[in-house]
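In what follows, a single structure is set out as structure tokens and then discussed.
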Amino acid sequence: KYAALAREIHNQMAAETVLLNQRLAACLAGRTRAPDSFDDARFSEAACLARFTAAGWLTGLAYFHVMKQIAAYTCGHYAAALEAAARAAPVLRQMTAMPVAATHRIYHALTLAALYRAAPQQQQQAFAQTLAAQSAEFRRWAEHCPENFAHRHALVAAEIARNQGRQLDAERLFDQAIAAARANGFIQYE
């Protein structure tokens, strides 16, 4: 519906940005060339990025990298998810009020939590600092809009507790995250 509208009003960049949702769905359904790739016979990631870059479409670039971050994280390719997060971060600084920025932050936090235990101690410390900052940010957002952010805050806090070996706290927080996500329609987090 939205891709058709963007094409109708001749906004090719917006149409391609909407298309990225379809590419993520195809990827997660296993209908692309690789588990965390958007490429198939009709779509090329490289060509899409080239068009966004040539047009200076920062929203599209950010959205592309966040969609790649989600795909890589979901497939358990945490290093690739971290790389996509790093590529998204500079562009997202210009779009902090857009929903894609919050999506980037939650998947970045989940990626760091997934990589934490296998990381060297110095990197664990850096991950822990970033996770603490992200948890504080989600807590602040949850205070203002619990419908959108309570589950994200509880999920990040649960991952921190899990990595710190506080199993009972982690279980309680995971249960809170599940309940808040369910209550507010965030089935992907539930």
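The values are calculated or read from the model by the stated rules, or taken from the named source; none is laboratory data. Because the structure is a prediction, the values reported are computed rather than measured. Glycine also receives a Cβ, built like all others from the backbone with ideal geometry; neighbour counts cover every protein chain displayed. SASA here: full protein model, heavy atoms, side chains in, ligands and nucleic acids out. Shrake-Rupley method; radii C 1.70, N 1.55, O 1.52, S 1.80 Å.
Counting only heavy atoms of protein chains, what accessible area per residue, in Å², does the chain have with a probe of 1.4 Å?
54
Taking every Cα atom in the chain, find the radius of gyration and the maximum pairwise distance Dmax, and write them in Å.
Considering the chain through its Cα atoms, Rg and Dmax are 17.3, 54 Å.
Would you kindly find the accessible area of THR130, with a 1.4 Å probe and non-protein molecules such as ligands, DNA and RNA excluded, rounding to the nearest 10 Å²?
So the heavy atoms of THR130 present about 50 Å² to solvent.
Which length gain, in nm to one decimal place, applies between ALA132 and ALA79 when the Cα-Cα distance is subtracted from 0.36 nm times their residue separation?
Roughly 17.1 nm would be gained on extension.
Set Lys and Arg Cβ to +1 and Asp and Glu Cβ to -1, take the dipole of the chain about its Cα centre, and tell me which of ALA47, MET95, ILE106 lies farthest positive.
ALA47
For GLU171 and GLU8, compute 0.36 nm times the residue count separating them, minus their Cα-Cα distance, and round to one decimal in nm.
Length gained between GLU171 and GLU8: 53.8 nm.
For region 1-89, build the charge dipole from Cβ charges (+1 Lys, Arg; -1 Asp, Glu) around the Cα centre, then report which of TRP57, GLN22, MET67 sits farthest towards its positive end.
Result: GLN22, furthest along the dipole toward the positive end.
How do ARG166, ARG105, ARG182, ARG23 stack up against each other in accessible area, from largest to smallest, with a 1.4 angstrom probe?
Listed by decreasing accessible area, they come as ARG182, ARG166, ARG105, ARG23.
With θ taken as phi - 60° and the coefficients 6.51, -1.76 and 1.60, list the Karplus ³J(HN,Hα) couplings across region 13-30 in order, rounded to whole Hz; mark glycine and proline as x.
Rounded to whole hertz, the list is 5, 5, 4, 5, 5, 5, 4, 4, 4, 5, 5, 5, 4, 4, 4, 5, 8, x.
List the relative contact order of region 60-184 as a percent without decimals, with contacts defined as Cα pairs under 8 Å and 6+ residues apart.
After rounding, I find 18 percent.
Nearest 20 debye, what's the magnitude of the dipole of the chain about its Cα centre given +1 on Lys and Arg Cβ and -1 on Asp and Glu Cβ?
160
How do ASP40, ASP175 stack up against each other in accessible area, from largest to smallest, with a 1.4 angstrom probe?
Of ASP40, ASP175, the descending order of accessible area is ASP175, ASP40.
Got a number for the accessible area of ILE187? Probe 1.4 Å, square angstrom, nearest 10.
Estimated to the nearest 10 Å², ILE187 gives 130 Å².
Compute the FRET efficiency between ALA118 and ILE187 as 1/(1 + (r/R0)^6), taking r as their Cβ-Cβ distance and R0 = 25 Å, and round to the nearest 0.05.
In this case the efficiency is close to 0.30.
Tell me the carbon and sulfur percent of the accessible area for region 1-148, rounded to whole percent, probe radius 1.4 Å.
It is 55 percent, rounded to a whole number.
Kindly report, to the nearest 10 Å², the accessible surface of CYS145 as traced by a 1.4 Å probe over protein heavy atoms only.
Its heavy atoms expose roughly 40 Å² to the probe.
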